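Nothing in this text is a laboratory measurement; each read-out follows from the coordinates by a stated rule. Being a predicted model, the structure only gives us computed values, none of them experimental. Cβ placement follows ideal geometry from the backbone for every residue including glycine, while neighbour counts extend to all protein chains displayed.
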Amino acid sequence: MALELRQVTKVVGSNMHIKETSLVLEQGHFNVLLGQTGAGKTSLIKLMAGLDKAASGQILMDGIDVTNQSPQKRQISLVHQFFVNYPHMTVYDNIASPLRLSGMGKDAIAKRVNETADILQLIPMLQRRPHELSGGQQQRCALARAIAKDSTVVFLDEPLANLDYKLREELRDQLPDLLAGRGAVVVYATSEPEEALLLGGKTALMDDGQVTQFGPTAQIYRHPKNLNAARVFSDPPINIAEVIVRDNQVELSPEITWPLSSNAPKTAGTYTLGIRPNFVVPQKTSASQVALKGRVMVSELSGSESSAHFEMGCNAWVSQAHGIHNYTIGQEHDFFMDPSKCFFFAPDGALIA
Amino acid sequence: MQKRHIVPIVYILFLLLPIYWLVAMSFKTTNEILSGFSLFPQTFTLENYAVIFTDPSWYWGYINSILYVSINTVISIAVALPAAYAFSRYRFLGDKTLFFWLLTNRMAPAAVFALPFFQLYSAVGLFDTHWAVALAHCLFNIPLAVWILEGFMGGVPKELDETAFVDGYSFPRFFISIFIPTIKAGVGVAAFFCFMFSWVELLLAKTLTAVAAKPIAATMTKTASSAGYELGLLAAAGTLTIIPGAIVIYFVRNYIAKGFAMGRV
């Protein structure tokens, strides 16, 4: 089973909502669409689901052209960010409704609904209506409806975004198990890089209506194709600074220089350096680390991690480190960065090394 | 009784006084009504109601009214549902302007349309039928129903439609088995307003009918002038005219509150 997009575009008025996109999404793992709000994740999902018409290009399911097929005929299911259920039906009827439409027998429906409800802990609520449920239960009901159906593609459009933290973690852990063995292509849209990393599989980075990079999630995280991809796939945001490479060394400022390592550009010139906040730490842990100085503006403590936003020259950087570190706001602190973890981008944004 | 109860009680009594007077009169004889002031019926009689329920010229007035009001409500809602859906879900050229112009129909007094309707219906042979009144009232009721329903539909996320299509619902099936039940409060409110307007509207109903479809309100005015002052009978007819409205209000009272909360009623 595979879902293939060939040079698909979508135009609304004179705006290009989705720029030419080609993708092959396969079953057996999560296909994550990662991008900020407004990047076109939902637009792309609507195109793939047949809810919107593509301006040009082709959409294929298992090699069959479905570009002009209505969503009703595509054998797909969809879970929205908002909890969408049929308000006048009980939870049981909600889960059963797509099955009834597909002409499944009554006993088979009852069996399937109960199985799915059991996994999603909805058994005690089967006779209730959606508005009598909590937000998490409502979304579980929507998930159950999507999963119970024999779909060839399951679209999950930020399904966990409106849930509270605990529920989100719980459902995120369950999702891969729920969808495993279904034989469906799973498309999962999210704006959180962390979620993409946790779900694994493959990730398509989206920015401004375009898929900028697509491939195995870990590989994309380690090798962002360009500055934009690195920005999208980093939370907190990736630290960026202009650097000059000359005389076999990298120069961040006249005082901060370090010798060229294997990942640095070979030719002299001006480059954009990018480094993830977790490689900028307040304590020196290895000899190769480069010392920085910055004025701490904000510091945050989130459970086992401390992060500090600091200003260094004209750059605002973030440091993220395990353990509890105390910063004095407004004071200069030392930070250490690992030069082997730096990305170097050319002036046009492309990754050099 | 506490002091703060006095004002509302006085106000309610003030509101109920004319209704009480009407009901009290309907149980009196005409002689008693004409003889002077009496708070309660001195000689309690059901004669007035008996006349209405046995005389065809009276009870047909009610049947006629209920018939054209029902036809009108059904047509208005049936036409307004898809129209309101289009206004709430699609963007098309001139949608906002058209939506506003719908309402302007209600700004003209009904009398303006009495003559054109009379001439038109006489020409096509619709004069003095229930359809004549029902269709004439649609001119006012469909825009109102579209306006009210659009408000309720706007409160239903578009994602519901999308989910249903993806789940395999065809459009007609989705509309009837998912969408309408979802906005049933709105349908109730819209139907109530169509019913009430059509039930109390007298001018068009009277102009467009003669004998066969004469509404109850027209029957009442005629009896008053021809057979002297049968005040008891008229009061009984008036009392019976209030009842259908009261029943409908009872059923939609919760929905009306919701409609007001959504700012569309």
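Structure summary
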quantity	calculated
Extreme residue, nearest to A:Ser102 (Cα to Cα), among residues of region A:50-78 that are polar (S, T, N, Q) and in contact (Cβ under 8 Å) with a residue 60 or more places away in the chain	A:Gln75
Selection count, region B:77-112, where residues are in a helix (DSSP H, G or I), small (Gly, Ala, Ser) and farther than 14 Å from B:Trp147 by Cβ	3
Residue match in region A:126-136 (condition: closer than 25 Å to A:Tyr188 by Cα, among the aliphatic types (A, V, I, L, M), part of a helix (DSSP H, G or I) and away from chain B (no Cβ under 14 Å))	no
Subset tally (residues that are more than 26 Å from A:His223 (Cα to Cα), exposed (fewer than 13 other Cβ atoms within 10 Å of the Cβ) and among the polar types (S, T, N, Q)) for region A:284-343	5
A:Leu51 assigned to a strand (DSSP E or B), among the hydrophobic types (A, V, I, L, M, F, W, C) and either within 14 Å of chain B (Cβ to nearest Cβ) or crowded, with 22+ Cβ neighbours inside 10 Å (or both)	no
Qualifying helices (runs of 4 or more DSSP H) (wholly inside region B:126-235; at least 2 residues being among the polar types (S, T, N, Q))	B:216-226
Hits in region B:1-48 (condition: among the aromatic types (Phe, Trp, Tyr) and touching a Leu at 6+ places or on another chain (Cβ under 8 Å))	B:Phe27
Unique residue being closer than 30 Å to A:Asp62 by Cα and within 14 Å of another protein chain (Cβ to nearest Cβ) when the list is A:Ala161, A:Ala144, A:Ala117, A:Ala108	A:Ala144
Residue under evaluation A:Thr9, criteria (1) closer than 18 Å to B:Val166 by Cβ; (2) not in a loop (DSSP other than H, G, I, E, B), criterion not met	(1)
Candidate set: region A:54-102, residues that are within 18 Å of B:Ile178 (Cβ to Cβ), part of a loop (DSSP other than H, G, I, E, B) and not hydrophobic (A, V, I, L, M, F, W, C); chosen: the one farthest from the other protein chains (Cβ to nearest Cβ)	A:Thr90
Region B:153-178, subset within 10 Å of another protein chain (Cβ to nearest Cβ) and aromatic (Phe, Trp, Tyr), residue surrounded by the fewest Cβ atoms within 10 Å (Cβ to Cβ)	B:Phe171
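Residue by residue, here is whether (1) aromatic (Phe, Trp, Tyr); (2) surrounded by fewer than 22 Cβ atoms within 10 Å (Cβ to Cβ); (3) more than 24 Å from A:Asn228 (Cβ to Cβ) holds:
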site: A:Asn31; (1), (2), (3): no, no, no
site: A:Thr37; (1), (2), (3): no, yes, no
site: A:Ala55; (1), (2), (3): no, yes, no
site: A:Asp62; (1), (2), (3): no, yes, yes
site: A:Asn68; (1), (2), (3): no, yes, yes
site: A:Tyr92; (1), (2), (3): yes, yes, yes
site: A:Arg100; (1), (2), (3): no, yes, yes
site: A:Asp107; (1), (2), (3): no, yes, yes
